[in-house]
Amino acid sequence: MTSNLSGKIALVTGGGRGIGRAICLELAGRGATVIVNYNRSAAAAENLVAQIEAAGGTARNMPADVSDEQQVAAMFKAIIAEYGTIDILVNNAGVTRDNIIMMMKPADFDDVIETNLRSCWLCCKSAARAMMRKRSGSIINITSVVGIAGNGGQTNYAASKAGIIGLTKSLAKEVAARSIRVNALAPGFVDTEMTADLGDDIREKAIEAIPLGRMGTPKDIAKAVAFLASDEAAYITGQTLVVDGGMVM
Ligand code: NAP
């Protein structure tokens with residue numbers, strides 16, 4: 001594996017499981033020191049840190065509900081106190097509360113916007129402060145093809161993910177002069193707990209709509225994140241990289 005992220009300090013929100021876990025493993029495998037943020041999955045985050053360290057990498061975990069302004073501030077304060085900087089931020093934490101709009105409660109809309117979009121804004125704001133001092137950095141915001149194409153039953157989730165794309169482009173314009181790159185990555189249909197509850201018929205239909213003929217793996221997403229985080233993507237900012245087996249094109 002290439003070690004093109006040696007010496008970099010990386011924070012992955014919601015890093016303990018699912019896509020976030022694969023991103024942590026990939027970044028650590030390429031030499032980054034990885035901070036695994038978690039909210040409820042403490043045991044999973046602990047196991048992941050142990051797995052990274054056993055493989056010769058460097059990682060630590062850090063609890064915070066990223067939808068909570070105070071907890072985000074405390075997390076970044078702790079990161080700066082320990083490492084002095086942050087080089088890579090991956091805003092991965094996300095939830096769904098699916099329903100058709102007639103049945104969806106305002107709280108389901110608010111929860112999804114706060115956990116998926118507001119958290120992304122809060123973490124970008126804190127990371128940008130440290131990155132601007134250093135005049136370098138890479139932020140990768142995990143959106144979704146649903147934020148591009150829409151999806152019935154996901155008005156809240158699609159709004160949050162479309163918002164992330166607008167946030168990404170706007171912030172990319174604000175911080176480019178300081179050599180900070182901000183990109184979004186839009187996974188398609190990926191095999192994690194988030195998609196595990198979907199019925200077999202929905203899964204089969206979704207796979208039929210994927211030209212490459214399979215669901216994505218967390219590793220498929222992690223490899224693309226590692227690319228955007230690295231200097232190999234040095235001239236790429238403000239973009240949304242779609243990683244979906246061709247589902248939306
Ligand atoms: P997942 O398996 O359900 O994992 C969700 C992750 O988000 C967990 O690590 C969870 O951490 C974290 N999280 C949720 N609320 C949080 C909060 N308030 N503070 C901190 N962390 C929080 O989902 P996934 O499939 O890996 O999804 C990861 C990202 O990819 C999400 O942004 C999702 O929208 C996006 N995505 C997924 C798919 C897909 O098909 N799976 C497709 C497109 C986009 P805790 O368990 O510690 O709370």
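The values are calculated or read from the model by the stated rules, or taken from the named source; none is laboratory data. As the structure is a prediction and not an experimental result, all values here were calculated from the model. Because the Cβ atoms are built from the backbone with ideal geometry, glycine has one as well, and the counts that use them run over all protein chains shown. Ligands, DNA and RNA are stripped out before the accessible areas are found, and what is left, the full protein with its side chains, is counted by its heavy atoms. Shrake-Rupley method; radii C 1.70, N 1.55, O 1.52, S 1.80 Å.
Taking square-rooted eigenvalues a ≥ b ≥ c of the alpha carbon gyration tensor, is the range 23-76 rounded, prolate or oblate, where a/c under 1.5 means rounded and, failing that, a/b exceeding b/c means prolate?
Since a/c reaches 1.5 and a/b is larger than b/c, the shape of the range 23-76 is classed as prolate.
Kindly provide the helix-only [θ] at 222 nm of the chain, computed as the sum of -39,500 (n - 2.57) over DSSP H runs of four or more divided by all residues, to the nearest 500 deg cm²/dmol?
My calculation for the chain gives -14000 deg cm²/dmol from helical runs alone.
Please compute the contact order of the chain in relative form: average sequence separation of alpha-carbon pairs under 8 Å and at least six residues apart, divided by the residue count, as a percent.
Over the chain, the number comes to 19 percent.
Which one of ALA128, ALA149, ALA209 has its Cα pushed farthest toward the positive end of the charge dipole of the chain, where Lys and Arg give +1 and Asp and Glu give -1 at the Cβ?
After comparing all options, I get ALA128.
Contact order normalised by length for the range 1-142, with contacts defined as Cα pairs under 8 Å and 6 or more residues apart; what percent is it?
24
Consider a paramagnetic label point 7 Å from the Cα of ILE101 along Cα→Cβ; state which residues of the range 156-190 have an amide N under 17 Å from it.
From the range 156-190, the list is 156-163.
Counting heavy atoms of the protein chains only and a 1.4 Å probe, report the per residue accessible area for the range 34-82 as a whole number of Å².
Ligands and nucleic acids excluded, the result is 52 Å² per residue.
Hydropathy at least -0.5 by Kyte-Doolittle, axial extent at least 20 angstrom from the Cα trace: which helices of the chain, defined as entire DSSP H runs, fit?
69-83, 119-134, 155-175
Take the alpha carbon gyration tensor of the range 147-233, find the square roots of its eigenvalues, order them as a ≥ b ≥ c, and report rounded if a/c is under 1.5; if not, report prolate when a/b exceeds b/c, else oblate.
It is oblate, given that a/c is not under 1.5 and a/b is not larger than b/c.
Give the accessible surface of the range 159-217 per residue, rounded to a whole number of Å², with probe radius 1.4 Å and ligands, DNA and RNA excluded.
53
State to the nearest 20 debye the size of the charge dipole of the range 199-247 about its Cα centre, where the only charges are +1 on K and R beta carbons and -1 on D and E beta carbons.
That gives the range 199-247 a dipole magnitude of about 60 debye.
Assuming 0.890 mPa s and 25 °C, estimate D for the chain with Stokes-Einstein, Rh taken as the Kirkwood radius over Cα pairs, in µm²/s.
Reported coefficient: 136 µm²/s.
In nm, give the distance between the simple-model label positions of ALA209 and LYS77, each being 7 Å from the Cα along the Cα-to-Cβ direction.
With each label point 7 Å from Cα toward Cβ, the separation is 4.5 nm.
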